Every structure is written in C-alpha cells, then in structure tokens.
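> Before I ask anything, here is the structure I am working with.
Each value in this text was obtained by applying a stated rule to the coordinates, not by laboratory testing. In this text the structure is predicted, and so the values were computed from the model without any measurement. A quick note on method: Cβ atoms are made from the backbone with ideal geometry, for glycine too, and the neighbour counts reach across all protein chains shown.
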Amino acid sequence: MTDLFHDAPFRNPSLSIEDRVADLLPRATLEELAWQVVQVAAGRPALPVHQEWAAKGVGSVLFVGGEELAALQATAAKTRLGIPLLAGIDAIHGHTLWAGATVYPTQLGLAAGWDTEAVKAVGRATAIEMVSTGLHWTFSPTLCRPRDLRWGRTGETFGEDQLLIAEMGAAMIAGYQGDRLDAPTSVAACPKHFIAYGDTVGGRDASECELSERTIRARYLRPFQVAVDAGAQTIMCAYQTVDGVAMSENHRWLTEILKGELRFEGLVVTDWECATRMVQQVKSAEDLDRAVVRCLKGGTDLFMAEPEAPAAILRQLAAGTLTRGDLERAAARVLAVKFRLGLFERPLVVGKPEDVLQAPAHRDLAHRTALGALTLLRNRDQLLPLEPRARRRIALIGPYADDPVVQAGDWNLGYKANQDLHRNRAHPRANSSTIRDGLERRLAAEGAVITYARGCGGVPMVPAHHHVPERRAQVTDDPAGEAHPERLAAAVRAAEAADLVVLVVGDPPDWDGEFCSTAHLRLPENQQRLYEAVRATGTPLVVILLCSKPLAIPEITDGAEALLVAFRPGQATGDAVAAVLCGDAEPLGRLPISFPRHVGQLPVAYDFHPASHGKVYVDDATLGYDRPLFAFGEGLGYERLRLVQPTLQHQNLPADTDQAVTLTVENPGIRTSSTVVQVYARLPVGPVSRPNRWLAAWARVTVEPGQRQSITIPIPRSRLAICDADGAWRLPPGAIEILVGTSSRDQDLQVLKGTVAQ
Ligand code: BGC
C-alpha cells in the first residue's frame, strides 16, 4: 500500500508529542482506534493469526521478538496509518525469556544487595539485550510489597519495605529507559501491579484486597509515585479487586489517583485477560462488551491478551455506551508512548543479539549481583570462609546443587510451564555456573575432592499453570515428596566420608510464582528428610537455601554450622557461591524481607504496628510477630564492622530542612569488609497508629582492615513523615527517634533522640 500519510504532521519527529497525537487521532477510524487499544499474545496460537491481527492494526503484541516480530512490524507498517506495534515481554531480571540472554538474580535477590547502582545497571544491560531482539517494552519492575509470605509471587518483589522497593524500582526504570526514551537502546518500563496486589487475603494470588484507601496509601502508593516521577511510561494494573472493585475498572485508583493525583501521563495496561476475568471470575460484568466499557471508563488504556476486545468495543460504540472520546482518551496514551519511544522513526530495528547477549560486562554484572543475592545468616565458629583444610573433601548434596534452571528463578525459560508459551526454548547450559560447577572449578587446582549426591528429587508437586492448563510440568524424579532410599543412602555415605557438607535445598519452582501460593513455608518433605539425615552424620554442615522467598526453617538455623540464603541468584550462582565459601568475596546480601519461624506467625514484617494485647500467640510464645527467625536488614559479612558515634545533623530539625546522620565505621578485622548502614525512624507519639520503625535511608560502606571511615547519610525530610488519618504524609512537630545500625533488630540499633521544630 502506498503511504498516504508520509507528509502528515504525525510523521514529523520535530513536532511535539501532543501535536503528533492530535494530528493522528482524528485520522483514525473507529475500528483502527479499537484495535490500537488492544494487545495480543504470541506463543499461542501460532503466528499466522498474529499477521492477521497486525494487518488490522493491533496496538501491541507480547511474547514475540526477533525476525518474527520484524515480520509483524512490516505488516503493521503496511496498514493504512502505518502505526508501529508496541512489543512487550516479561524481561524481569534480565531478558530472561529470550534464549541466551544474561540472567540476573530475581528481584528479591537484587534487593538483598541494597545496591541501586547495580540494579540500574541490570536495567540498562537488559534493555540493550532486549532491543537487539526488537523488543522495546518490559513488564518490569514489580513494585508489589508482599504481606502474607504464602503469596507465590513474593520472590518477584523487592521485599517488604516500601523505601527499598521505591528506590530499587526507580533505579531499574532509569536503567531500562536510559537518558532519552527515543535512544536506540531505551525500552519502556512497566511498574506493576497497581495496586496492593501483594496484600490479598491469605496470600491468595489475585483475590480480594480488603484494605482501606488510607492503608493502601500508607503502605503501597509511594513506590508508584516515585516510579511516575522517574518517568515510567506504562503501568500495569493488578488482577485483584480493591474494596470490591476490580483494578482494571477501578476509576478511583486508575483515573482519580494514578492519572490525576500522581500525574501519570503514560498508558495503563491491564494484566492478562483482565476484562475476561471480570466476566468469568470477579463477575462484575455480564459479558466482554460490558467489561471493556467499564475498563475504558475506569481508566484502562490497553487490554492485554484480549483479541476479542476490538469487536466488543465496536459493538458498544454502535450501542452508544462508549463514545469516540472514550476510545480516543485511551488510544492517545498508547500512541504517545509509541511516539516518545521513537517507534514511528525506527520500528523495525532488530540488531545482532549475538553481539550483546552475554556480553562480558553483562556477565560480570550477573556475577556481582549474584554476590548481592547471597545473605549469610549463621556462621558458627567462623566456619566460613573455609580454611583450606576444611575443603579437602566436600560432599555436595541436594537436588538444586547442579540445576541451572531452578537457580535462575521465575520468568525464565525452562522454569515451570513457561516453556510452553516460549516454545520450549532454553538457555544454553554453558552460560550458567551451578554450585557444582562453581565449586569444582574453584577447588580443582587445590586438588579437593567433591562428591556430588542429589539426595532426593526436586519436583515434589505439579500444579497446573494458568496459561497452559492442559499441560503439566515434567516430573523428573521423586514425585510427591518421596525420598528415593538409594539416593538418600548415597548422600549420607558422601556426608560421612567428607570434611564438610554443602547442602543445597529450597522451595521448588512449582511452589514459586503466579498461581503458586503455598499453605506452608517449609521445605518439601523429601528435602527436610534429606537435611535431617545429613545433619545426623555430624559432619560440619553449610546449608545453602536456594529459595524464591523466605522459608520457616528454625531447625536448620539451629542445626547447621553456616546458613547462606540465596534468593535465586541467576546464571552466576555457582561461581558466586564458590567465591563466598572460599573467601574470595564476601556475601553482600542483607535481608530485604523477614523470615518467620512458622507460617502461623504471619504477617511478620519489621514495620509492624506495636499496639496489641500481647505480641505472642498463647499456644507458642516463640511466635511473636516481633520475633522473626531473621529480621529485615540482617546479614553477616566476614568481619564485624563497628558503627561509632552516630550523630544527628540537626538535633532540632528546622522547618523545610532535610536531616542527616554522620558516623564512623571501623573494621577491626583482617579482611576488607562491607556493611549496609541502615537508618530507621520512629515517632514516640503521633496522631495515628504507625509502624514501630521504618527505613529512612541506607548506605553501603566498605572498609579496609584496621581502618575507619566517616560517612554522612542524608535523610530527606519526606522519609520521616507518617501517613495521617486523611491519607496525607505529614511530619508532626515534637519528638522523633532516628535508629542507626546493621539490621532492623533492636540489638543492632543505636537510638538518637531528636525533635522536629514547629
Ligand atoms: C502477570 C504479569 C505479567 C503478564 C504477562 C500476568 O499473568 O501477572 O506480571 O507481566 O502476565 O506475562
């Protein structure tokens, strides 16, 4: 088709985005507009159908890239208006659904590093790998904050603290979107899931959130405000209902608060088939026609995975329940994002993935961030780092010690049912180091003997997955928690013959992610039995908990000499673990989330509200909600750094002024070591109930042996404020306490008393 509009103002990149959108909108027919606000999913069904959709001018596709995407873009370019496709994918911790891409730790693993620069670098490296495959929109970062840790998506989050979430999220967005959105390596970010998706009843995925608007503002809104201020181009609404209203049609939250109050100018995309879900599950609409009307009126701009939506929209336009204005409002936002990304100028760019996937700088970053995902929580008698004598004969045991897929975490090729949507592609094995690879490589020159024994299987249960209900993950061995007696015996023999056992256990992929909330937070039965059998040998034991989220493991905490938590650290897991065990590097992680002792103790976050009749359960006094197994912020280095003389910059904080803390960090040890200095705030008296303490700032400090270092940590005033009864953030005058230390626990904190001036 000849290009009818090559001279049209909307094609002119020197005009403003507003002018280009204003020129294009009236040229579009109702049908073209209806297709523009819809996204279709590739993978299933097959691509020819996508070509039909592209020919109709569908606004967006997901899960397709490379040459296939280029073919769809070519079709889109030939449509009457030639509007390019917005092409999205879940590039969640790396371009993880693309075979060969660099795989970083999951968000929870990244958060454990408390390193926003590294997270920004992950975003940048991911964007570079994405654009080489033609994709320019990632459904990331997740800004949810888990409350009930049984929630299956806990590992997809940056943990339990909203400042950490906000800062990590902003860093990732800055990395994805780069300095200029229309630069060739920039991709649009999509903070999600708006809002309070991590606080559904009982941790049940996508059910009801029953919180008041004020509570949602107090706990969940700020990271989204920070994301909007950071320039996030798109935001995904959550699956669940808030106060009875599905988020995809929630006018109060999408239109009044997100677009109005927060001034979000990008596009709101629904989550997967949310309009259909309103019909089938929430039952707030009789049929798709009514659902799309309610969504568009509520504030949705783009329907994810809803190829039937255009027809429904057109029927409702004809019936008069929708107006062209309703549709233009949504389409304008979709088009504006496309213009800002520069897609009209270069929609077809597919680079050379082989030049950037696994680039040396990306591999180094994967290693560095994997070190951050490792949190040392027990180290009795300084067993770690291992002395050469302690590592001559190692028994490496456990179902995940040599598993490149499990360590890489969710939203990854090969992980659970993802393979179906992504046509059974896999990451090349050689890209990853498993713990077995890492130890064998690191210790080969020392002549150490490593005996590897799986001990038991790693796939104890097999739930169906929502996208592919007909398909089940493959059970490779030991179904239903049964330990294979021969395997267990071999593991015990290996443990008995060794100087040291390294046991790698954790939650299986089928207990991790969407549709995978768990009733318990324990290890699978067979892994628990493996731990007990290995422990009974008496050989010194290092447990590596390769987990998606916190597990309640008090007996391992008491039983193992050393405990290293590894939140699915990605492709470099093995080399990072080997470096830490052998003392080439310190574990850099500090917990971004509390560990409960028992599932019955939930919720157990550090920023609980202190007023209640007692803090423990009467049938088990160890289970107080202020007594986690491990607290937010906890984690050991290889030296005990001392925080000396923390001092407030302003004893009485004047109006309109920021606060700061100065202190000295001393390293009395023999190795270079680092710590994360954490600063919390607390109001002794305040007009509304509020958290017992909350994170206000942090800084990582690295100190040479025998040296000291002075630092000043700025505390923006806004971080001292509390969410008032009317939902506004205010800092009341009067007493305030600033707590400085190496974790959120009382015993790790020094209290500085100050005041806030009138
Ligand atoms: C998830 C989103 C994801 C989308 C596309 C949904 O089921 O909730 O987080 O971005 O699928 O894969």
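> At a temperature of 20 °C and a viscosity of 1.002 mPa s, determine how fast the range 374-624 diffuses translationally according to Stokes-Einstein, using the Kirkwood radius over alpha-carbon pairs as Rh; express D in µm²/s, rounded to the nearest whole number.
113
> Please work out the C-alpha center-to-center distance from the range 135-190 to the range 98-125 and express it in whole Å.
The range 135-190 and the range 98-125 have Cα centres separated by 10 Å.
> Out of all DSSP beta bridges in the range 374-624, what portion is antiparallel? Express it as a percent rounded to 5.
Counting only bridges with both partners in the range 374-624, antiparallel ones make up about 30 percent.
> What is the helix-to-structure angle for 360-372, meaning the angle in degrees between its Cα long axis and the longest Cα principal axis of the chain, kept from 0 to 90 and rounded to the nearest 10?
For helix 360-372, the angle is close to 60 degrees.
> Enter the Cα centre distance for the pair the range 483-523 and the range 358-378, rounded to the nearest angstrom.
23
> Could you give the angle, 0 to 90 degrees to the nearest 10, between helix 47-56's Cα long axis and the longest principal axis of the Cα atoms of the chain?
50
> Using DSSP, restrict attention to beta bridges with both residues in the range 39-353 and report what percent are antiparallel, rounded to the nearest 5.
Antiparallel: roughly 10 percent of the beta bridges in the range 39-353.
> Below 23 Å, Cα to Cα, which lysines can LYS56 reach? Residues fewer than 8 away in the same chain don't count.
Within reach: LYS78, LYS338.
> Please get the size of the charge dipole for the chain, origin at its Cα centre, with Cβ charges of +1 on Lys and Arg and -1 on Asp and Glu, quoted in debye to the nearest 20.
So the dipole magnitude of the chain works out to roughly 660 debye.
> Moving to a separate point now. Among DSSP beta bridges whose residues both lie in the chain, state the antiparallel percentage, nearest 5.
Antiparallel bridges: around 55 percent, rounded to the nearest 5.
> Okay, next question. Compute the acute angle (0 to 90°) between the alpha-carbon long axis of helix 162-177 and the principal axis of greatest extent of the alpha-carbon atoms of the chain; round to the nearest 10°.
60
> Let me ask you something else. Straight-line reach from LYS297: which lysines have a Cα under 21 Å away, not including same-chain ones fewer than 8 places off?
LYS192, LYS259, LYS283
> Order of GLU156, GLU561, GLU308 from fewest to most other C-beta atoms within 10 Å?
Ranked by crowding around the Cβ, least crowded first: GLU308, GLU561, GLU156.
> Also: Taking the Cα centre as origin and putting +1 on Lys and Arg beta-carbons and -1 on Asp and Glu beta-carbons, what dipole magnitude results for the range 291-416, to the nearest 20 debye?
Rounded to the nearest 20 debye, it is 340 debye.
> Given the rule -39500 (n - 2.57) for each run of at least 4 DSSP H residues, summed and divided by the residues of the chain, what is its mean residue ellipticity at 222 nm, to the nearest 500 deg cm²/dmol?
-7500 deg cm²/dmol
> State to the nearest 20 debye the size of the charge dipole of the range 212-324 about its Cα centre, where the only charges are +1 on K and R beta carbons and -1 on D and E beta carbons.
320
> Arrange the peptides 205-213, 236-244, 139-147 so that the one whose residues have, on average, the most other Cβ atoms within 10 Å appears first.
With the highest mean Cβ count within 10 Å placed first, the list reads 139-147, 236-244, 205-213.
> Along the charge dipole of the chain, Cβ charges K/R +1 and D/E -1, which of THR369, GLY82, PRO668 sits furthest on the positive end?
PRO668
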